[in-house]
Amino acid sequence: MNRSAVLNIRIIRQGFLIGLLVSLLLTGSDGRAANQESGEYNRRATATAQLLAGIMPNPPEPVFNRLTETDAWKEHQKWMTAQWAQVRVRLATMEAWRDAEIKIVNAQKKTLVYPFSGPDFLNAYVLFPDHGRFVFFSLERPGSLPDMESVTLAQFTKLLNDVRGAFRDIFERNYFITSYMSKQLTTPWIRGTVPVMATMMALMGRRIVRIEPIDLFPELTHLYDGPDKRPRILLRGVRIDFANPAVPGVQQIYYFSLDATDKALEFYPEFLNWVSQFKPSTALLKSASYLLHDEQFTKTRAMLLESADLVVQDDTGIPYRYLNHAPWHVKLYGRYHKPVRPMAYAYQKDLEAAFKANPEPPDLPFPFGYHWRGKQSALILARR
C-alpha cells in the first residue's frame, strides 16, 4: 500500500472517531441532549421560528415588534393559521392511527433514521414524537435561520412569501417535491432546510434550544477544500436541540446534506457507519423517488436493513422483496398503485399481489406518498 493510501485511511478513521466522540459528548445514551432541561432554550431562535410560522412570539421579543405590526406579517399570519388548521385535522388522523398501529417500547431511547428526508420534520415527528434522536439526510443544504433583526421591511415581505412557497406542497400533499426544493430552499431569504424545520417545530409548539453546525469528519472537510478530487456535494451537517415545554428533556435532530449514492459515499466511507451506530433504529421512508430500487443506493439500503428493527414506508422505500420474508413481519395499509410513468421501472408485482390478497389491507386514513388524493395512499410497516 502506498503512502498516499495509508494517509487517506488514517484521515478517514480519525474523522470517524472525532465525529463519534462529538456525538457521545453532546448526547446522552438515550438520545436526549446531555445536561439540558426543557426550561432552557434559545429565545431568539424560537421567536424567529414562531414569526415564520405566523405565531406571535411568546414570550414577546420586542426587537420583532416592528415586523409583527406590518400588514405583510398579519396577512402571513392569516394564511399560516388557516393552512395549519387544515393540516392539524390530517395530523390528528395520523396521530390516532399511530397510537393504534405503532407500538414502540422505550421510544425515548430510539433513533429515527430518515433518508432522502428533505426538511420533512412534520411527518417524522407526528409518527415518532417520543424518539430521542432523529437523523435526516438528503441533498438539500442545512442553511440557517434568517437574521430577523437586520432585515428591512421590503425584505421581510419577500421572506414571508418565500416561507409560504416552501410550505405549500407539504401542507397540501404531505410531501415536498424534490425538483421544487432546489428553488424553494435557495431563495435570498430561505436558505436550506433549517428555516423550514424550525418553522415546523414552532407550529407544533416546540422550543429551539440550540442550532449548531456539525462536522463529522473535519480532516476530510479540510482535504476537500483543496482543488483536487472532491465530492460533487460536500457533507454539511447541523444539529438542532428542541424541547416540548410540557415535558422534561430535550430531543435532537441531526440533518446532513450529502449525495448518498454508492459512488459518492466513497468520499465519506464512514458516514453510514456513523448513522448505524444508533441501532436498533427506526427507519422512515416516504416520497423517496424509488431511490432504494436503484442499484446506485445499495449501501444505504443495506445499512437500513441491517440497523433498523422497524421500517415505516410507502412503496418508494425499500423494495418489498427485501422485507417479505424472515426476519421481517410486514403489515400493509391502504392501496397500491403503479408508479407514475417516469418511475415505471419501480413497479412491484409482488407488492401489488400482496395488497390484493385476501383479506385486503385496511384503509390508510391519511395521505402518505405520491398518491395523496383521497384514500389512495399505501403504507408498509415492517418489524424485525
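Results, tabulated for the structure shown:
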{"quantity": "Vicinal HN-Hα couplings computed from phi for the range 208-224 (Karplus, 6.51 cos²θ - 1.76 cosθ + 1.60; Hz; Gly/Pro x)", "calculated": "8, 8, 6, 10, 9, x, 10, 10, 5, 10, x, 5, 5, 4, 5, 4, 7"}
{"quantity": "Spherically averaged projected area of the range 264-313 from its Cα convex hull (nm²)", "calculated": "3.5"}
{"quantity": "Partners for LYS349 among aspartates and glutamates (Cα-Cα distance below 14 Å; same-chain residues under 8 apart left out)", "calculated": "ASP315"}
{"quantity": "Per-pair calculated FRET efficiency, R0 = 41 Å: VAL247 and ARG321 via Cβ, rounded to 0.05", "calculated": "0.55"}
{"quantity": "DSSP-defined antiparallel bridges as percent of all bridges, the range 3-383, nearest 5", "calculated": "60"}
{"quantity": "Label-point separation in nm, GLU69 to ALA354, each point 7 Å along Cα→Cβ", "calculated": "6.0"}
{"quantity": "Cross-link partners of LYS279 among lysines (Cα-Cα below 27 Å; sequence separation of 8 or more within a chain)", "calculated": "LYS103, LYS109, LYS110, LYS263, LYS299, LYS331"}
{"quantity": "Dimensionless Rg/Rh of the range 3-383 - Kirkwood Rh, Rg from C-alpha atoms", "calculated": "0.96"}
{"quantity": "Length gained when the stretch ASP130-MET343 is fully extended (0.36 nm per residue, less Cα-Cα span)", "calculated": "73.3 nm"}
{"quantity": "Restricting the range 198-261 to trypsin sites (Lys or Arg not before Pro) in coil, as DSSP defines it, with at most 12 other Cβ within 10 Å", "calculated": "LYS229, ARG232"}
{"quantity": "Alpha-carbon centroids, the range 203-224 and the range 312-354: separation in whole Å", "calculated": "34"}
{"quantity": "Inter-site label distance for ARG168 and ARG90 at 7 Å from Cα along Cβ, in nm", "calculated": "1.5"}
{"quantity": "Label-to-label distance, nm, for residues given as ASP309 and TRP79 (7 Å Cα→Cβ offset)", "calculated": "4.5"}
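Every number in this text was worked out from the coordinates using simple rules, so none of it is lab data. Only a predicted model underlies this, so the values are computations on that prediction, with no experimental measurement involved. Don't worry about glycine lacking a Cβ; one is built from the backbone with ideal geometry, like all the others, and counts go over all protein chains shown.
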